[in-house]
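Comments concern the structure below.
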Amino acid sequence: MVEMDKIVSLCKRRGFIFQSSEIYGGLGSAWDYGPLGVEFKNNVKRLWWRDNVQLRDDMVGLDAAITMHPRVWEASGHVASFSDPFTGCADCGRHYRADQIMDAIWNSRWFRAFNKMLEGPAAKKDVQKAIENWAQSDGKKLAPNFPQVHVGENVRLPLEGSNDPGFLELLRNIAHGSNSNRMGFLCPNCGSGNLSVPKPASLMLETFLGPVKETAVKTYLRPETAQGMFVNFDNVLQAARKKLPFGIAQLGKSFRNEITPGNFTFRTREFEQMEIEFFVMPGTDEEWHQRWVDERFAWYQKYGIRKENIRLREHEKDELAFYAKRCVDVEYLFPMGWSELEGIANRTDYDLRQHSQYSGRALEYFDEQSKQKLIPYVIEPAAGADRSTLAFLADAYHEEEVKGEKRVILRFHPEIAPTKIAVLPLLKSNDRIVETAKKLTADLRRRWFTVYDDTASIGRLYRRQDEVGTPFCVTVDVQTVGDDKAAADHQVTVRERDTMQQVRVALAQLPAVMERVMNGEWTEVQRQHGLTRE
Ligand code: GAP
């Protein structure tokens, strides 16, 4: 798997994603999608919308407001309990998710160095002395608040993993040495043992509506798009006259005051969700849940995620929200390891019941067959647009060597590639070539997002397009337009990104050929037209 640094660097270099407010030093964990990034992410969202809303009879769309009535968030349970446990370091002021602190320690620079020292010969001879020496040398720089060391007698060494009881024991003992009444963990940033006792921190971002703060209405920036769909259940039911099973889909921004955002766009405080609330008859919920799990798992693979990099993870009973009957995560092998891409939950009738109770408006469905009112169950496939975009990017990233040079390619599926075609003039000093290429760009643009580029030699232009994942380049050359020696052949060269194979195609046939290759028929086209070069 590609390292995150390479993706971050390519994203900046090629205009996919920039650090937010960079000229002011940047705002932590906020990101701006650049010229190619916005095309790319829009494609991900458009395909999700097309496949889940427009191509289905049993789904309708919604675009609800981001700010909602504050009671919505009381009914949903977010005000009372949408929080993560956090702990703070009294010495350096950093905050951490208490449930993720072991990972943070394990991945910190100082702890990796510490661990290396523990595996070294000095520690094998006298571990306490080795730790004390380390704390006075390397540790002084890497973990300046590393406490005085008192290692207990029962510690097992060498340490093999963060779950090793010996490891936990060691950390407790080390921290104990400096501060006996604190948590037995050390700060991943400065090594201090002064971490506070974990307590819940609300993830809700408050906002105030109205010009005068004292009288303004306090509400929240929505932490999920889901509630907009639940509170509109009856409106949609009446307006769209849907019968169960049917779903409402919504795509839009959500906000969470995450304690530890990070890993590029993976966890941010402002992000976009792509959520479905699919309402079903109670009793059919388990079957529908499984159908959605299978469908959503297949969706990512349809647009290029390799099957070895994606998996399903069933939630353990103790992980489930109290109202959820079952939840399955689609996980992707991100550069930092397997992590959630989408959660698919059976939320039972909890949300509709809560909103009925809090609003006093019955959110029910009249079943013609039994002539009875009932509260539908809900299956919720909840995906992140930014996480999906990051997964498609990471999965497409490849490096290879071509004629002794490194070639970086983003092997995007043509449907998600930001630019579909690049038209390249072989000679920018030849007016006829340039004119033909520009006209061709304008023609192709009406159907596919096409760019014209004449700012470098053809080899460099190809590499540039490879690096941003453009599936096809079309080159206009002297033969296309003719010169004093030969008449124009009115043909152009079409080059495929992954194989670098080229075919010669008549200009008149180009739109039809492009239609075929975009639909995955490169091999057939190449057989029919014959290869020009590889
Ligand atoms: N309505 C259910 C719900 O919101 P969730 O698992 O909290 O469920 C769904 O969120 C998806 O939204 C996640 O799988 C992830 O893709 C995305 N997501 C959640 N928090 C995020 C964050 N802080 N940054 C980026 N994406 C996030």
Amide H contacts under 5 Å for residue 342, restricted to residues at least 5 apart in sequence or on another chain and with H modeled in the peptide plane, are 330
Inter-probe distance in nm under a simple model that places probes 7 Å from Cα toward Cβ, at residue 9 and residue 238: 5.9 nm
Taking 340-348, 236-244 and ranking on average Cβ neighbours within 10 Å, highest first, one gets 340-348, 236-244
Of 215, 297, 252, which is farthest towards the positive pole of segment 196-302's charge dipole, taken about the Cα centre with +1 and -1 on the beta-carbons of Lys, Arg and Asp, Glu respectively? 215
Just how large is the dipole of the chain about the Cα centre, in debye to the nearest 20, putting +1 at every Lys and Arg Cβ and -1 at every Asp and Glu Cβ? 900 debye
Could you quote the convex hull projected area for the chain, Cα atoms only and averaged over all directions, in nm²? 33.7 nm²
Partnerless cysteines (no other Cys beta carbon under 4.7 Å) identified across the chain are 11, 327, 473
If you take the beta carbon distance between residue 125 and residue 428 as r and set R0 to 56 Å, what does 1/(1 + (r/R0)^6) give as a FRET efficiency, to the nearest 0.05? 0.20
Segment 179-295, accessible surface, carbon-and-sulfur percent (1.4 angstrom probe): 48 percent
Unit charges on C-beta of K, R, D, E only; dipole of segment 236-378, Debye: 380 debye
Using the structure shown, select from 12/218; 403/439; 12/439; 242/325; 242/307; 45/438 the pairs with a Cα to Cα distance greater than 27 angstrom. 12/218; 403/439; 12/439; 242/307; 45/438
Work through the residues other than residue 352 whose Cβ is under 10 Å from its Cβ and net out their charges, Lys, Arg +1 and Asp, Glu -1. -3
Heavy-atom accessible area per residue of segment 1-128, all protein chains kept, 1.4 Å probe, expressed in Å², is 54 Å²
Could you work out how far apart the two model spin labels at residue 499 and residue 298 are, taking each label as a point 7 Å from the Cα in the direction of the beta carbon, and quote it in nm? 2.7 nm
Residue 460-residue 115 pseudo-label distance in nm [points 7 Å out on the Cα-to-Cβ vector]: 4.4 nm
Calculate, in nm to one decimal, what residue 439 and residue 83 gain on full extension: separation in residues at 0.36 nm each, minus their alpha carbon distance. 122.5 nm
Dividing the helical contributions, -39500 (n - 2.57) per DSSP H run of n ≥ 4, by the residues of the chain yields a 222 nm value, nearest 500 deg cm²/dmol, of -10000 deg cm²/dmol
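The values are calculated or read from the model by the stated rules, or taken from the named source; none is laboratory data. As the structure is a computational prediction, the values presented were derived from the model and not from experiment. Note that each Cβ is placed from the backbone with ideal geometry, even for glycine, and that neighbours are counted across all protein chains shown. Just so you know, the surface numbers come from the protein's heavy atoms only, side chains and all, with ligands and any DNA or RNA stripped out. Shrake-Rupley method; radii C 1.70, N 1.55, O 1.52, S 1.80 Å.
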